[in-house]
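Below is one structure, written out as structure tokens, with a few remarks after it.
The values are calculated or read from the model by the stated rules, or taken from the named source; none is laboratory data. Only a predicted model underlies this, so the values are computations on that prediction, with no experimental measurement involved. All Cβ positions, even for glycine, are placed from backbone atoms using ideal geometry, and neighbour counts span all protein chains on display.
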Amino acid sequence: MAHCNNYIKIQSRREFLAKSAMGFGTLGLASLMNPATLSAENNIVNPALPTLPHFAPKAKRVIYLHQSGAPSQMDLFDYKPLLNKMYGEELPASIRQGQRLTGMTSGQSSFPLAGSLFGFKQHGQSGAWLSELLPYHAKIADELCFIKSMHTDAINHDPAITFIQTGSQVPGRPAIGSWINYGLGSNNENLPAFIVLVTKNQGGQPLYSRLWGNGFLPSQHQGVQFRAGKDPVLYLTNPPGVAHKDRKEQLAILRQMQEGQYEAFKDPEIEARIAQYEMAFRMQTSVPEITDTSGEPDYIYDLYGEDSRNPGTYAANCLLARRLAEKGVKFIQLYHRGWDHHDSLPKNIPTKCLQTDQASAALIIDLKQRGLLEDTLVIWGGEFGRTNYSQGTLTNTNYGRDHHPKCFTIWMAGGGVKKGLTYGATDDFSYNITQNPVHVHDFQATLMHLMGIDHEKFTYKFQGRRYRLTDVHGQVVKGILA
């Protein structure tokens, strides 16, 4: 009866592999071989999912520059001169169409339109409209694919950022990077496949580690946060008095004990723990090397801006993202907070742009000059948009903007998307989508497609149901594919 209970308790792909020829022995042998020889086009076969990728990928890695708090689309990308002409006039009921509002503006008796106080010009051969706040973006306009018709289901930050990062407004699902890690494995055995960088000393909406969590996937697929300072990864260095040789011997003993435990219980999390211990040991050497940017030439620091010399800033994290991409890290997630401008937007948004504009453009230029942009997908954007009317009092020099889920802008570059393209459109008020709407699940399906994954076929069975990143819908946005 005990044997029967153990069999029922754990039924997983890993258990099947452990009982077949591809158990610990084969995985151990694979770790000793040169990873480059195990794959076609440097995509290492994941022993757990040998059928992935489903087709040849256009992108080998992703750098996702998430702007937490939701940048205002009409102050940066979505040029709407009519809003300036109607400055201070009431938002027409025919445009609002009774759409829901947050609790922060639902009590307002008036919704005065606020055109952007910042000038716009067209740039590059593509003629992309960009705010004067983004002079460095203007230099790379022809490399970017703007999606101006993004929309989401959530109207508040926590569910919205959880939705765009995990495919569900409810916490507990795996992050996009975890799905990619689980499905495609790693190209560098000495670094995690999913790494997270958060800009230091930025106020704004809180960020939770569950945004880069593994959810119901095995725990070795969670994102690993790199921090600025002496210890980029917490608890990675050996404590005083513990030598590297001693740590290696300790790891060997732990592995032996845990393999015995696995044989007894067949719990896949035991295998995950072994993998994490061994990765941590290898990272003791690889992490200090990759995070030390002191060897970068001055022209690279000049490209990214002076902040790139200060570890933990957005610019420094963009530079580090390029270094991680060079080392084969599959999914690099950056978070930059402080875009939630409910008031004093004209005063605050220039600061955010100064922090991010040069470094974001530099990342594209740097990847391109190294031959990496072609197979690196770079994404820039927030979790939803902002309202065209002012939250609170509107003056000639000041306004705030509330949350607006019905339309917002992101951009993508490299990795199989068209260059110099503006996809989708909103009405003259930047309130409703008029052409080629792109839902969050469509965005996620497209990201997976560019990585060689069919989002409908890539599922994980948990508690009797097969889950996927895009839940029950989502279409690849073919119009942006190169």
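Identify the single condition in (1) more than 30 Å from Val476 (Cβ to Cβ); (2) of a type in the set (A, V, I, L, M, F, W, C); (3) touching a Gly at 6+ places or on another chain (Cβ under 9 Å) that Cys353 does not satisfy, given that it satisfies every other one.
Result: Cys353 fails condition (3) only.
Out of the helices (runs of 4 or more DSSP H) lying entirely within the stretch 112-197, which hold 1 or more residues that are touching a strand residue (DSSP E or B) at 6+ places or on another chain (Cβ under 9 Å) and closer than 22 Å to Lys80 by Cβ?
Filter on the stretch 112-197 gives 135-139.
For Ile379, all conditions in the list (1) of a type in the set (A, V, I, L, M, F, W, C); (2) assigned to a helix (DSSP H, G or I); (3) surrounded by fewer than 24 Cβ atoms within 10 Å (Cβ to Cβ) hold save one; what is the number of the exception?
(2)
Just give me the residues in the stretch 198-209 being out of contact with any His (no Cβ under 6 Å at 6 or more places or on another chain) and either of a type in the set (Asp, Glu) or not in a strand (DSSP E or B) (or both), in sequence order.
Lys200, Asn201, Gln202, Gly203, Gly204, Pro206, Leu207, Tyr208, Ser209
Return only the number of the condition from (1) within 23 Å of Gly215 (Cβ to Cβ); (2) in contact with a His (Cβ under 6 Å, 6 or more places away or on another chain) that Ala138 does not satisfy.
(1)
If Lys406 meets every condition in (1) surrounded by fewer than 24 Cβ atoms within 10 Å (Cβ to Cβ); (2) among the charged types (D, E, K, R); (3) touching a Ser or Thr at 6+ places or on another chain (Cβ under 8 Å) apart from one, which number is that one?
Unmet for Lys406, out of (1) surrounded by fewer than 24 Cβ atoms within 10 Å (Cβ to Cβ); (2) among the charged types (D, E, K, R); (3) touching a Ser or Thr at 6+ places or on another chain (Cβ under 8 Å): (3).
What do you reckon, is Ala128 at negative phi, in contact with a His (Cβ under 7 Å, 6 or more places away or on another chain), crowded, with 23+ Cβ neighbours inside 10 Å and of a type outside the set (Phe, Trp, Tyr)?
So Ala128 fails the test.
Which of the residues belonging to the stretch 450-478 are touching a Leu at 6+ places or on another chain (Cβ under 8 Å) and closer than 22 Å to Glu383 by Cα?
Leu450, Met451, His455
Name the pairs: first residue in the stretch 252-267 and closer than 17 Å to Ala280 by Cβ, second residue modelled with pLDDT of 80 or more and assigned to a helix (DSSP H, G or I), Cβ to Cβ under 8 Å, at least 6 apart or on different chains?
Every condition considered, the pairs that remain are Arg255/Glu278; Gln258/Ile270.
Pick from the stretch 318-350 the residues that are under 20 Å from the mean Cα position of the chain (by Cα) and assigned to a loop (DSSP other than H, G, I, E, B): which of them is surrounded by the most Cβ atoms within 10 Å (Cβ to Cβ)?
So, considering only residues that are under 20 Å from the mean Cα position of the chain (by Cα) and assigned to a loop (DSSP other than H, G, I, E, B), the one surrounded by the most Cβ atoms within 10 Å (Cβ to Cβ) is Lys330.
For the list (1) touching a His at 6+ places or on another chain (Cβ under 8 Å); (2) touching a residue at least 24 places away in the same chain (Cβ under 8 Å); (3) within 22 Å of Gly172 (Cα to Cα), I need the number of the one condition that Asp442 fails.
Just one mismatch for Asp442, condition (1).
Would you check if Gln225 is within 30 Å of Asp375 (Cβ to Cβ), of a type in the set (S, T, N, Q) and modelled with pLDDT of 95 or more?
So Gln225 fits the description; yes.
Determine, yes or no, whether Thr409 is of a type in the set (Val, Ile, Thr) and free of Cβ contacts under 8 Å to residues at least 40 places away in the same chain.
no
Quick grid of which residues meet (1) at pLDDT 95 or above; (2) small (Gly, Ala, Ser); (3) over 15 Å from the mean Cα position of the chain (by Cα):
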| position | (1), (2), (3) |
| --- | --- |
| Asp153 | yes, no, yes |
| Pro159 | yes, no, yes |
| Gln165 | yes, no, no |
| Pro174 | yes, no, no |
| Ser178 | yes, yes, no |
| Ser186 | no, yes, yes |
| Ala193 | yes, yes, no |
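Among the residues of the stretch 351-376, what is the count of those that are surrounded by 19 or more Cβ atoms within 10 Å (Cβ to Cβ), over 19 Å from Val417 (Cα atoms) and hydroxyl-bearing (Ser, Thr, Tyr)?
Here the count works out to 1.
Quick one: count up the residues across the stretch 409-433 that are β-branched (Val, Ile, Thr) and either within 28 Å of Gly103 (Cα to Cα) or surrounded by fewer than 19 Cβ atoms within 10 Å (Cβ to Cβ) (or both).
The total comes to 4.
Could you identify the single residue in Ser186, Ser168, Ser178 that is closer than 29 Å to Ser286 by Cα and surrounded by fewer than 23 Cβ atoms within 10 Å (Cβ to Cβ)?
Of Ser186, Ser168, Ser178, the one residue that is closer than 29 Å to Ser286 by Cα and surrounded by fewer than 23 Cβ atoms within 10 Å (Cβ to Cβ) is Ser186.
Inspect all residues belonging to the stretch 448-460 and state whether any of them is over 29 Å from Lys60 (Cβ atoms) and either crowded, with 20+ Cβ neighbours inside 10 Å or without any contact (Cβ under 8 Å) to a residue 40 or more places away in the chain (or both).
no
Scan the stretch 218-246 for residues that are among the basic types (Lys, Arg) and either touching a residue at least 60 places away in the same chain (Cβ under 8 Å) or crowded, with 18+ Cβ neighbours inside 10 Å (or both) and jot them down.
Hit for the stretch 218-246 is Arg227, nothing else.
Considering each residue of the stretch 182-209, count those that are among the small types (Gly, Ala, Ser) and either touching a helix residue (DSSP H, G or I) at 6+ places or on another chain (Cβ under 6 Å) or more than 30 Å from Ile349 (Cβ to Cβ) (or both), and give that number.
So the answer is 4.
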